[in-house]
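We did not get these values from a lab; they are worked out from the coordinates using the rules stated. Keep in mind that this is a model prediction, so the values were computed, not measured. All Cβ positions, even for glycine, are placed from backbone atoms using ideal geometry, and neighbour counts span all protein chains on display.
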There are 2 protein chains.
Amino acid sequence: MTPLLENAVKVATRDSRYDILIQPGLLATPAAWAGLPHAGGATQAVIVSNPTVAALYEAPLRQALAPHYAQVSTVLLPDGEAHKDWQSLNLVFDHLLARGCDRQTVLFALGGGVVGDMTGFAAASYMRGVPFVQVPTTLLAQVDSSVGGKTAINHPLGKNMIGAFYQPARVVCDLATLATLPPRELSAGLAEVIKYGPIADMAFFGWIESNLPALLARDPAALAHAVKRSCEIKAWVVGQDERESGLRAILNFGHTFGHAIEAGLGYGEWLHGEAVGCGMVMAASLSADLGLVDPAFAQRLQALIAAAGLPTAAPAMPASRWLDLMRLDKKASAGEIRFVLIEGPGQATVRPAPDALVSRVIERHSLPPAPAAAAGGTAGA
Amino acid sequence: MTPLLENAVKVATRDSRYDILIQPGLLATPAAWAGLPHAGGATQAVIVSNPTVAALYEAPLRQALAPHYAQVSTVLLPDGEAHKDWQSLNLVFDHLLARGCDRQTVLFALGGGVVGDMTGFAAASYMRGVPFVQVPTTLLAQVDSSVGGKTAINHPLGKNMIGAFYQPARVVCDLATLATLPPRELSAGLAEVIKYGPIADMAFFGWIESNLPALLARDPAALAHAVKRSCEIKAWVVGQDERESGLRAILNFGHTFGHAIEAGLGYGEWLHGEAVGCGMVMAASLSADLGLVDPAFAQRLQALIAAAGLPTAAPAMPASRWLDLMRLDKKASAGEIRFVLIEGPGQATVRPAPDALVSRVIERHSLPPAPAAAAGGTAGA
């Protein structure tokens with residue numbers, strides 16, 4: 001066993017086992033690309049990326065794959081959550097069929113969460129399934145979306161509504177790629193890092209509080225620890241409950257409110273991590289209102305989210321719109337919205353809440369409506 | 001155990017076990033609809049069908065489901081293979097989301113192979129997976145496509161290229177629905193029935209030869225045996241190899257040539273079963289040319305296919321077009337087409353064949369090209 005694999009975080013579900021490799025410089029590390037499916041034959045590797053990421057990292061990835069596959073080609077998808085749809089997905093299928101790609105083809109998702117989710121669903125569906133490898137280049141993708149096999153595209157009525165549980169063959173997190181991440185995306189990724197504290201590990205939460213300046217300054221050691229500990233927690237949860245029949249739902253802390261923000265504003269207005277950050281503020285506040293956790297804990301969480309450069313006030317939307325959007329959440333059952341709530345620091349629970357209470361939380365944590373209305377008196381509240 | 005379930009054909013894959021119920025009048029038999037997933041709660045059942053089938057059988061199915069689900073609704077897809085695409089699939093997602101359907105929703109595929117394949121893929125993908133039940137109303141769907149969990153939509157460049165392996169919770173074959181089947185569709189279904197002989201069971205093949213008049217006259221006892229024996233063979237194969245890593249490919253006998261006919265002519269010109277019938281003639285002929293089986297066997301198969309009312313000569317297409325289309329077959333590997341061939345009656349094998357030999361088979365079994373060219377001398381050949 002090489003040191004590289006010894007340091008790997010292992011994911012084990014009922015049907016699959018794979019490694020998450022975490023280190024700076026993996027794109028140029030031959031061992032990170034050895035031993036993947038269908039290597040060595042007359043097979044094709046297809047890189048799926050977007051123009052921004054490809055400009056930076058496609059050439060090194062191509063070089064890393066060249067020794068292992070007969071052909072390496074690239075398909076570029078339009079950048080951003082607004083394009084996480086069937087039209088973009090079909091660009092992958094068009095490419096694969098035009099190149100005569102067979103079932104021995106391996107897809108490589110080079111990019112953030114949008115590229116990873118779409119590549120994964122394309123791999124799950126092409127000829128009813130070909131292998132794929134996650135090569136996440138954003139903090140959010142490295143700590144959350146590339147791990148665990150949730151793949152999907154959006155529908156105008158709801159986020160991630162069409163997809164599959166489909167595990168990658170490997171996750172390769174080259175920490176050096178985080179150096180080129182725009183600050184807004186770094187903060188968005190920190191939202192998912194912070195998430196692991198309240199739901200599972202308050203020691204980690206304390207570590208994030210202490211090391212936030214280092215994380216924001218992209219200190220390599222701090223980023224390495226944040227990515228590794230996040231992946232360990234996620235791997236542990238996914239190993240217990242791959243298909244989200246129970247425990248896995250806790251990873252959705254902040255996501256019920258967050259998805260409503262994303263769908264309500266139109267995909268791509270807020271980054272996913274921004275919506276989750278604000279959603280966690282709201283979910284913690286709801287937890288406190290329900291008496292599950294001390295209000296001081298909700299305030300401590302809100303302070304960390306704000307310090308990470310994330311929004312803590314939601315866009316103005318009528319409460320009825322919030323409730324309609326959240327009733328389409330995948331955790332909902334029989335018309336009842338189910339929230340991931342904190343019932344003591346480090347421990348999450350999934351349960352419904354009265355609409356009136358939810359509406360009060362929404363009001364408390366939303367920006368005032370458009371200026372004309374705000375002039376009536378709530379401005380500055 | 002009720003007699004109904006005692007008579008059922010059982011399917012068992014690594015992750016799922018389900019029954020195929022085969023009997024006339026099941027739509028009106030309460031026991032056929034008892035014990036399905038999520039029954040009895042505040043859950044929704046959604047029937048997916050097409051206008052032709054729904055006019056005949058939607059009302060009885062709705063009545064059968066009403067005692068078990070809080071709401072039953074129906075979404076209709078345009079009829080035919082030409083519409084087995086993303087646009088139609090999205091009609092299902094639109095319906096599910098507009099009605100606020102959650103993960104406890106159960107889909108019911110009421111129709112032939114197109115409805116079954118699309119409903120199955122919609123169920124596999126909606127919220128990353130909800131249960132579905134196959135209610136096949138064509139012979140082809142009852143003996144083949146509804147069993148085994150292959151779901152898919154077509155891509156302009158290849159048939160069933162985008163889909164999932166996703167098993168139904170039950171298959172309910174009401175044999176009475178075969179009474180309303182157009183004769184052309186009855187013949188198309190017989191193609192898949194005949195298929196099971198050469199690949200697995202020559203005693204069954206002999207039975208089909210003897211009972212073809214009864215089958216064409218829709219004799220209930222003959223149809224019941226044909227459906228049951230076909231499902232038994234398919235269930236046995238799928239139980240060995242759900243994901244088509246080996247044995248399952250034999251169920252594709254006739255399909256490599258057949259899919260090329262369907263894609264080459266444009267989906268919906270020929271029925272799937274018609275293309276498979278002609279494809280089996282060609283695959284048997286190729287088997288004989290390769291010395292795997294006696295030419296007399298290929299002729300015997302061709303005679304039965306013709307007697308079943310199926311085409312035995314392919315549409316005129318240049319050999320290069322055939323080869324291009326077949327190189328996209330899902331069994332192909334590294335640009336090499338792999339054919340399901342007969343290596344002795346009742347026994348199939350999967351292997352490549354030289355392009356020149358394949359081209360000769362295509363020429364031998366194709367209609368002459370368009371009249372203008374045919375005037376040159378090949379007419380009547």
Nonlocal amide H pairs with residue B:309, under 5 Å, H built at 1.01 Å:
none
Across A:321-328, the residue-averaged tally of Cβ atoms belonging to other chains within 10 Å stands at 1
Cross-link pairs B:10/B:331; A:234/B:10; A:84/B:330; A:159/B:84; A:330/B:195; A:234/B:330 - those with Cα-Cα distance over 32 Å
A:234/B:10; A:330/B:195; A:234/B:330
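Given a Förster distance of 25 angstrom, what is the FRET efficiency for residue B:73 paired with residue A:323, based on the Cβ-Cβ distance and rounded to 0.05?
Step by step, r from the Cβ atoms, then E = 0.70.
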How large is ³J(HN,Hα), in whole Hz, for each residue of segment B:151-164 in order, when computed from phi with the Karplus curve 6.51 cos²θ - 1.76 cosθ + 1.60 and θ = phi - 60°, using x for Gly and Pro?
10, 5, 10, 8, 10, x, 8, x, 7, 6, 7, 10, x, 8
Placing one equal point scatterer on each C-alpha of chain B and summing with Debye, one gets log10 I(q)/I(0) at q = 0.07, 0.08 Å⁻¹ equal to -0.30, -0.39
Taking the alpha-carbon centroid of each part, what is the distance from segment B:41-63 to segment A:147-201 in angstrom?
39
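Could you tell me whether segment A:106-157 comes out rounded, prolate or oblate from its Cα gyration tensor? Rule is a ≥ b ≥ c as square roots of the eigenvalues, rounded for a/c under 1.5, then prolate if a/b exceeds b/c, otherwise oblate.
Oblate shape, in that a/c is at least 1.5 and b/c is the bigger or equal ratio.
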Name the residue from B:134, B:278, B:50 whose Cα lies farthest towards the positive end of the charge dipole of chain B, charges +1 on Cβ of Lys and Arg and -1 on Cβ of Asp and Glu.
B:134
Long-range HN-HN contacts of residue A:170 with modeled amide H, under 5 Å:
A:134
Counting only residues 5 or more apart in sequence or on a different chain, those whose built amide H sits under 5 Å from that of residue B:74 are B:47
Overall Cα dimensions of segment A:101-253, principal axis frame, Å, largest first
48, 35, 29
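Just round it to a whole percent: the fraction of Cα-Cα distances in segment A:3-180 exceeding 19 Å.
In whole percent, the long-distance tail amounts to 52.
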For chain A, what is the relative contact order in percent, using Cα pairs closer than 8 Å and at least 6 residues apart in sequence?
15
Please report, for the Cα atoms of segment A:183-373, the Rg to one decimal and the Dmax as a whole number; what are they, in angstrom?
15.9, 51
Rel. contact order, % - alpha carbon contacts under 8 angstrom, at least six apart, segment A:183-373:
26
Relative contact order, percent, of segment A:286-378 when contacts are C-alpha pairs under 8 Å separated by at least 6 residues?
32
About its Cα centre, chain A carries a charge dipole, from +1 on Lys and Arg Cβ atoms and -1 on Asp and Glu Cβ atoms, whose size in debye to the nearest 20 is 460
Under Karplus coefficients 6.51, -1.76 and 1.60, residue-wise ³J(HN,Hα) of segment B:41-53 in Hz, glycine/proline x
x, 8, 9, 10, 10, 10, 8, 10, 8, 10, x, 5, 6
Using alpha-carbon positions, the gyration tensor of segment A:299-370 gives root eigenvalues a ≥ b ≥ c; with a/c under 1.5 called rounded, otherwise prolate if a/b exceeds b/c, else oblate, the class is oblate
In order through segment B:112-123: 3J(HN,Hα) via Karplus (6.51 cos²θ - 1.76 cosθ + 1.60), integer Hz, x for Gly, Pro
x, x, 5, 4, x, 5, 6, 5, x, 5, 4, 5
Hey, any idea what Rg/Rh is for segment B:1-72, computing Rh the Kirkwood way over Cα pairs?
0.99
Return the calculated 222 nm mean residue ellipticity for the protein assembly as shown, to the nearest 500 deg cm²/dmol, obtained by summing -39500 (n - 2.57) across DSSP H runs with n ≥ 4 and dividing by the residue count.
-13500 deg cm²/dmol
Just want the ordering: A:118, A:202, from fewest to most Cβ atoms lying within 10 Å of their own Cβ.
A:202, A:118
Roughly how large, in nm² to one decimal, is the mean projection of the convex hull of the alpha-carbon atoms in the protein assembly as shown?
35.4
Considering chain A as a Gaussian network with a 10 Å cut-off on Cα pairs, which listed residue, A:252, A:50, A:211, attains the greatest mean-square fluctuation?
A:211
Computed for segment A:3-180: size of charge dipole around the Cα centre, +1 on C-beta of each Lys and Arg, -1 on C-beta of each Asp and Glu, debye to nearest 20, value 360
Tell me whether segment A:33-105 comes out rounded, prolate or oblate; compute the Cα gyration tensor, take square roots of the eigenvalues as a ≥ b ≥ c, and use a/c under 1.5 as the rounded threshold.
oblate
